[in-house]
């Protein structure tokens, strides 16, 4: 029972900084701390990153590590694109769609072939990366990127641990329900 309380507590704490859907924009210099803070500064990012961990938990097997890794790798590549000034015109809609679609995939316990799931996750990860990179620093890019990678991985981990703990304690239904909750919250953000 303590694992359940820990998972719920970590999930709740991870959502607290996400009360604003705003990003600071390109800044002159940055630090590791700015990078750590950026992904938790918007509910759209937090929900999507938690949803990746939840879908990985529901999928199981190699998906447990491969799904978060695909998101992180694609986000890093997208971040480099954004920092270089390359734009992805559909980045913001894709970011909003990511929490809805990945959360729905977890809620429905979708298990497509792993390469297909990884491609979908990577597509969304690249969109998040472009946004992070475009809003990132002119100087201090490496520290900033390291921070947003660590923060993103931590959010994936919260979703993964919460999903696995809920599945172990209450069965797959609770973890899937949490995935549905992220999809619903993403839909509310998209409509709001």
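FYI, it's all coordinate maths here, none of it is from the lab. The structure displayed is predicted, hence computed values, not measured ones.
Structure notes:
- Radius of gyration and maximum dimension Dmax of the range 67-122, Cα, Å: 12.4, 37
- Volume per residue of the C-alpha convex hull in the range 36-149, rounded to whole Å³: 84 Å³
- Computed P(r) (all Cα pairs; the range 90-188; 10 Å bins; percent): 15, 39, 33, 11, 1
- Contact order normalised by residue count of the range 61-192, Cα under 8 Å, 6+ apart, percent: 41 percent
- Estimated at 0.36 nm per residue, the fully extended path between residue 108 and residue 146 surpasses their Cα-Cα distance by 10.4 nm.
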